[in-house]
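First up is the structure itself, then whatever we jot down about it.
The values are calculated or read from the model by the stated rules, or taken from the named source; none is laboratory data. Model, not experiment: these values are computed from the prediction. Reconstructed Cβ throughout: ideal geometry from the backbone, glycine too, with neighbour counts over all protein chains shown.
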């Protein structure tokens, strides 16, 4: 199963921190995300547009100092190959009708989408713990302070989180990001800070959790802490609309 590996610099010691999220799988998920974001017909993918955005996304991940799993680079090469084939002029007298260069990719996406939707349907079934324990997982309809009854909360993917993270970083003064901070950071401490904040506020926007984090290391640690908390099912990330503001909720009532 593909993963993102996060290389964290902690004083003079470098450790590899592997994060695997249940809402995150691999390059096919990224392609489905781009198709959904651009409202593209999956049977008629504009390969040039998708390839450009896919490569831009990989660039963002590299800028965040995240090492890419090999599957992402293989898919990038596949997209570039398909794009180059589609740019070639058709032969004057084709011996037989050639298959659309995108056909195999479309088949993979449709198969992956089918299994993904089946998994989502299974996840939506009531869990035993929700029916038994009083301090159950916070359901969307229980978040009355942050949404109206008409609004539907949509769980976000890691791709929305990375894009939101990149937007926050790009808006900060670059000089602030270059400041040297000798503070010893601990991912556990950052996790505790986030949970303490959410225990008081009950919810927070993704951007608010990063406010006041002026140096790059602390911003990255905070982002990693959010991903780890989602992985551990201690927090949930939702939007009230597709590509809307991301809000973070504790997974259990306090």
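General observations
- Residue satisfying all of: in the stretch 141-178; outside any helix (DSSP H, G or I), loosely packed, with under 14 Cβ neighbours inside 10 Å and touching a helix residue (DSSP H, G or I) at 6+ places or on another chain (Cβ under 9 Å); modelled with the highest pLDDT among these: 152
- Test for residue 9: is it out of contact with any strand residue (DSSP E or B) (no Cβ under 7 Å at 6 or more places or on another chain), under 26 Å from residue 233 (Cβ atoms) and at pLDDT below 85: no
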